[in-house]
Amino acid sequence: MEKRALGKGISALIPEREMPAQGKVVFLKPAQIKPNPLQPRENFDAQGMEDLVRSIKEKGVIQPVLVRQRGDSYELIAGERRFRAANLLNLNELPAIVKEVDDRDSLEISLIENIQRQDLNAIEEARAFKYLLDKFQMTQEEVSEVLGKSSVTISNTLRLLKLPQEVQEEIRNNRITYGHGRVLLEISDPNLQRKLAQEVISKGLSVRELENLVKTRRPRMGKISMRREVHPDPHLAMLEEELRHVLATKVNIIKNKKRGHIMIEFYSKEDLERIAHRIKGVAGL
């Protein structure tokens, strides 16, 4: 499969040497540009927008937005904050680069721009990853290659979507962190996840403090409430870690006296097929 340039960032898509005709900077009226329905970013920091508006008011729009033509108008691909700031300032024109891309590339470019600038929170990233997996039938390896993130990171981020909606919103609103969400995923009781999330917010608990809190309450939670205990068998713990690395997903080994079972998590139909394909490849089937 031919490697794509998307993982290198927007500069790889619009190198200056290849800018005659399509790809050159043009000046468009903001009214000609429509927001990107695939925009992965949902939260826009008010203070950050004020700073950007002030900067553009003083120095103008230095970096063009990226758009694609849609009939008589244009659809934004990257540069949502600059586009919003231009509208707030009632600018007559906005520098733009026109690029012909499909829906998948449009989402990928928008993701790359936001991720490289660290503008997306973990939930926005997770939802965008899931959209790529479900809508465009991409594998986690393809998403990993395109976005320059490890498969393990993508798997861990996707797992956040298993948290209750209320907890996801707290992460999306930056009231609790990705790290807090990872700790809460160790609990299977949604009500307890919600309760602990609120405790993190009200008490300002760090990730380490939340981990300690979970440990102190562990006896009362019981086996059903917890997904995973520290493995008592170092050999099985090492085997779990090896399987996670090979399959690029969460794996738990539960062993009784003589028997047990292996739990392998997947996050979509495509992810299941990917894992099955990898197992068959390892087994030589």
ask   = In the stretch 117-155, how many residues are in a helix (DSSP H, G or I), free of Cβ contacts under 8 Å to residues at least 40 places away in the same chain and out of contact with any helix residue (DSSP H, G or I) (no Cβ under 6 Å at 6 or more places or on another chain)?
value = 3
key: Residues (modelled with pLDDT under 80 and surrounded by 12 or more Cβ atoms within 10 Å (Cβ to Cβ)) located in the stretch 52-65   = L52
key: Those residues of the stretch 163-178 which are in a helix (DSSP H, G or I) and surrounded by 15 or more Cβ atoms within 10 Å (Cβ to Cβ), in sequence order   = V167, Q168, E170, I171, R172, Y178
key: Matching residues in the stretch 179-191 - criterion: being in contact with a helix residue (DSSP H, G or I) (Cβ under 7 Å, 6 or more places away or on another chain), assigned to a helix (DSSP H, G or I) and surrounded by fewer than 16 Cβ atoms within 10 Å (Cβ to Cβ)   = G179
ask   = Is there a residue being over 15 Å from P30 (Cβ atoms) and assigned by TED's automatic domain parsing to the domain that holds N36 anywhere in the stretch 89-97?
value = yes
Filtered residues of the stretch 68-106 (kept if over 22 Å from the mean Cα position of the chain (by Cα) and among the β-branched types (V, I, T)) = I97, V98
request  = Considering only the stretch 98-149, state which residues are of a type in the set (V, I, T), modelled with pLDDT under 85 and assigned by TED's automatic domain parsing to the domain that holds L52.
outcome  = V101, I109, I112, I115
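The values are calculated or read from the model by the stated rules, or taken from the named source; none is laboratory data. Source: prediction; values computed, not measured. Glycine gets a Cβ as well: all are built from the backbone with ideal geometry, and neighbour counts include every protein chain shown.
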